[in-house]
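Please read the structure below before turning to the comments.
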Amino acid sequence: MNFTCYVIDDEADSVALMTEYIEKTPGLDLIGSATNPLHSLEILTSKNAPDITFIDVDMRQLSGMDLAGMVNLYTTVVFTTAFPEYALQAFDKEAFDFLLKPINYDRFLKCIQKAKRKINKHQGTELLSKDDFFNIKSEIKGRIIKIRFDQVIYIEGAVNYIEIFTTEGKHMTYLTMRDIERHLPKSVFVRIHRSFIININFVSITERAQVKMKTGESLLLGDHYKQRFLDLMDEHLVKTDRNS
């Protein structure tokens, strides 16, 4: 199995070096690069997002930190920078690794080997968890609640808590949206807004900036999350073979 890679850096020489490293490493495929991070948003949040994305921290058009916050749920982010003081902030953004320029090939290889193990483990866990369940701590101390994935209608973020709306009722627990999103199968669950994650099996109608659920709720569709949602819905779209 080959792992796909993408490079974002506003310095052409840095893009060229990372391209060279990727192309000479067995098991890696470079699917694209960009010197303007804004040009990479669509691919990095799509169903074809690369397995590993190398992002320069200090870019003029959009900070690498800000970009990582938008895409790190779709791709494994590795930061590249000449400034070691960015390291702590990088890991706050849940970057997988941090490569300090000038990057040597041995350090690059170590990063790739770790990334492959992480991706393989994640993919295996996701396959095991599909159509299964997860447990959460209730707001009542000492109580653990089992929730099946196919019972979850949507999840709403509420400051330091999330509220999980299911076919059996609703549950509040002390988790962030990012915490719960990591444990949901991406083939069924998608974030449509900073405050909402939905189960697409319960979607009734999509119209403009709203998603209406079969249970009657109308939820906002945020600009940053719209394309990923539409891509997932498009996978189930019935299309005609007619040319007209």
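What follows is calculated from the coordinates using simple rules that are stated; it is not laboratory data. What you see is a predicted model, and the numbers here were worked out from it, not measured in a lab. Positions of Cβ are backbone-derived with ideal geometry, glycine not excepted, and every protein chain shown enters the neighbour counts.
List of remarks:
- Against the chain, whose longest principal axis is taken from its Cα atoms, helix 105-129 shows a tilt of about 20°.
- Across the cross-link table entries Lys116/Lys137; Lys186/Lys212; Lys170/Lys212; Lys47/Lys118, which are compared at the Cα atoms, the separations over 29 Å belong to Lys116/Lys137.
- Folded to 0 to 90 degrees: helix 12-23 orientation relative to the chain principal axis, Cα: 80 degrees
- Structure remark: mean-square fluctuation, Gaussian network model of the chain, C-alpha springs under 10 Å; the largest value among Gly142, Gly32, Gly69 belongs to Gly142.
- Rounded to the nearest 20 debye, the dipole magnitude of the stretch 133-234 is 260 debye, with +1 charges on Lys and Arg beta carbons, -1 on Asp and Glu beta carbons, and the Cα centre as origin.
- In terms of its C-alpha gyration tensor, the stretch 133-234 has a prolate overall shape, because the principal axis ratio a/c (a ≥ b ≥ c, square roots of the eigenvalues) is not below 1.5 and a/b outweighs b/c.
- MRE, 222 nm, helices only [DSSP H, n ≥ 4, -39500 (n - 2.57), over the chain, to nearest 500]: -8500 deg cm²/dmol
- Amide H contacts of Thr4: Asp29, Asp51, Ile52, each under 5 Å away and 5 or more positions distant or on a separate chain (H built 1.01 Å from N in the peptide plane; Pro and chain starts excluded).
- Where labels lie 7 Å past Cα in the beta-carbon direction, separation of Ile205 and Tyr161 in nm: 3.2 nm
- Rg followed by Dmax, in Å, when the stretch 3-128 is reduced to its Cα trace: 13.4, 42
- Antiparallel %, DSSP beta bridges [both residues in the chain], to 5: 60 percent
- Estimated translational D of the chain in µm²/s (Stokes, Kirkwood radius over Cα pairs; 25 °C; 0.890 mPa s): 125 µm²/s
- For the stretch 171-223 and the stretch 2-48, distance of Cα centres in Å: 30 Å
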